[in-house]
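Taking it in order: structure first as structure tokens, then the write-up.
Read-outs: derived from the displayed coordinates by stated rules, not from any lab. Just so we're clear, the structure is a prediction, and the values are computed from it rather than from any experiment. Positions of Cβ are generated from backbone atoms using ideal geometry, with glycine treated the same way; all protein chains shown enter the neighbour counts.
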Amino acid sequence: MRTALIALLALVITGAAIIATVVAQAAPVTALPAAELAVPAQTLSAAEAAALTFMREEEKLARDVYLTLATTWSLPVFTNIAASEQMHMDALKTLLDRYGLPDPAAGKAPGVFTNPELQTLYTQLVARGTASLPEALAVGAAIEEIDILDLQVRTTAATPADIARVYAQLTQGSENHL
């Protein structure tokens, strides 16, 4: 039993080191090139505006969970990914500002969300991730898989090019985190 536990811990530490290396080498997510910002923003449909607002708050959820896991487990991988999630939030904030949309994350403390479904998910993920280190790593993977699926669902042929570009970058970032 002790040998199995030591082997599992070695595997977790090795995996965390690999993930930290990948995160450190990942290209940062940038919202838009300056030339694209000079082009007037299109008018968003209600669905596109809701999608953008939701994704901003979902990236906050990811950042907040990773910050909690970093505090609980003291693994650099959680701190590194939390910093990456902040960059994701910043990219989405640029789009919210560009389209004149309110920021659902403005003034919200870590772990506090406007969307009740995200509030519930946050509570569940933190409870699971603070139970054990293997569960914390599984929570990280779940967050990234959820982000990828939500970005895919919210990207359509009608998605404006600037938003589609950021969503594609966020998808790539989440794939790198896995």
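Could you count how many residues in the range 131-165 are closer than 25 Å to residue 73 by Cα and hydroxyl-bearing (Ser, Thr, Tyr)?
Selection size over the range 131-165: 1.
What number of residues in the range 125-147 are part of a helix (DSSP H, G or I), farther than 11 Å from residue 177 by Cβ and in contact with a Ser or Thr (Cβ under 6 Å, 6 or more places away or on another chain)?
Summing the residues that are part of a helix (DSSP H, G or I), farther than 11 Å from residue 177 by Cβ and in contact with a Ser or Thr (Cβ under 6 Å, 6 or more places away or on another chain) in the range 125-147 gives 1.
Could you say which residue among 156, 94, 171 is among the β-branched types (Val, Ile, Thr), within 25 Å of residue 50 (Cα to Cα) and free of Cβ contacts under 8 Å to residues at least 12 places away in the same chain? Don't jump to the end; show me each part of the working.
Working: 94 fails: free of Cβ contacts under 8 Å to residues at least 12 places away in the same chain; 171 fails: free of Cβ contacts under 8 Å to residues at least 12 places away in the same chain.
156 is the lone residue from the list that is among the β-branched types (Val, Ile, Thr), within 25 Å of residue 50 (Cα to Cα) and free of Cβ contacts under 8 Å to residues at least 12 places away in the same chain.
If you check residue 162 against the conditions, is it charged (D, E, K, R), surrounded by 15 or more Cβ atoms within 10 Å (Cβ to Cβ) and more than 11 Å from the chain's Cα centre (by Cα)?
Yes.
If you take the residues in the range 40-59 that are in contact (Cβ under 8 Å) with a residue 40 or more places away in the chain and outside any helix (DSSP H, G or I), which one is farthest from residue 94 (Cα to Cα)?
Filtering first and then ranking leaves 45.
Take residue 85 and decide whether it is in a helix (DSSP H, G or I) and exposed (fewer than 15 other Cβ atoms within 10 Å of the Cβ).
Answer is no for this residue.
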